[in-house]
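Single-structure report; data block below.
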Amino acid sequence: VGLGAFAANGAYVGSSVSPRSPHVGGAALCGMFTATFGGLTRDVLLRRPVRILHSHAEIYAAPALLGGAATALWLRAAPTQVEQALLLGLWLTIQVRVLALNRGLALPTFAARGTSTLPLSPAPYDSA
């Protein structure tokens, strides 16, 4: 719930910088940064692995970005409906996060540098 609240609030603050025509992408990024960097700071201070930096862990920043984008889009379409925009961002962030946790969704991982999934030398041919 905290991730959604901070994502929506960060997007709202980002949208309020230019209330006539807020930049949706910038406001969505403000929401994501607000939501995720609090957890990053907590993990660093507690000397735990930083959740947002591990791609094998559950999806963390993507729901915050989607919730922030939803809040920013709503505020751009209807600037006076602040409460509805905040609730939409909160709800969407929570729904995407719960869906990702329940389905075991994670970000894609890549092979470490210097490793390959292809054989280094061709297999010998059978001469028979």
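Show me the helices (runs of 4 or more DSSP H) entirely contained within the stretch 1-88 in which 2 or more residues are closer than 24 Å to Thr109 by Cβ, at pLDDT 90 or above and β-branched (Val, Ile, Thr).
Values: elements: 2-15, 24-45, 61-77.
Once the helices (runs of 4 or more DSSP H) in the stretch 1-88 are filtered for at least 2 residues that are closer than 24 Å to Thr109 by Cβ, at pLDDT 90 or above and β-branched (Val, Ile, Thr), what remains is 24-45.
From Arg76, Arg103, Arg97, grab the single residue that is among the basic types (Lys, Arg) and within 17 Å of Gly2 (Cα to Cα). Reasoning before the result, please.
Numbers: Arg76 fails: within 17 Å of Gly2 (Cα to Cα); Arg103 fails: within 17 Å of Gly2 (Cα to Cα).
Testing whether each residue is among the basic types (Lys, Arg) and within 17 Å of Gly2 (Cα to Cα) leaves just Arg97.
If you check Leu53, Leu3, which single one turns out to be closer than 18 Å to Leu101 by Cα, open to solvent by 80 Å² or more (accessible area, probe 1.4 Å) and within 13 Å of the chain's Cα centre (by Cα)?
After ruling out the rest, the residue left standing is Leu53.
From the residues in the stretch 27-50 that are over 19 Å from Leu87 (Cα atoms) and in contact (Cβ under 8 Å) with a residue 24 or more places away in the chain, which one is surrounded by the fewest Cβ atoms within 10 Å (Cβ to Cβ)? Break it down into steps so the answer makes sense when it comes.
If we filter the stretch 27-50 for residues that are over 19 Å from Leu87 (Cα atoms), which is where we start, we get 37-50.
The next check asks that each one be in contact (Cβ under 8 Å) with a residue 24 or more places away in the chain; those that pass are 38-39.
Numbers: Gly38: 14, Gly39: 19.
Step by step, filter the stretch 27-50, then rank; the result is Gly38.
The values are calculated or read from the model by the stated rules, or taken from the named source; none is laboratory data. As the structure is a prediction and not an experimental result, all values here were calculated from the model. We place every Cβ from the backbone using ideal geometry, glycine too, and count neighbours over all the protein chains shown. Heavy atoms of the whole protein, side chains included, go into the accessibility calculation; ligands, DNA and RNA do not. Shrake-Rupley method; radii C 1.70, N 1.55, O 1.52, S 1.80 Å.
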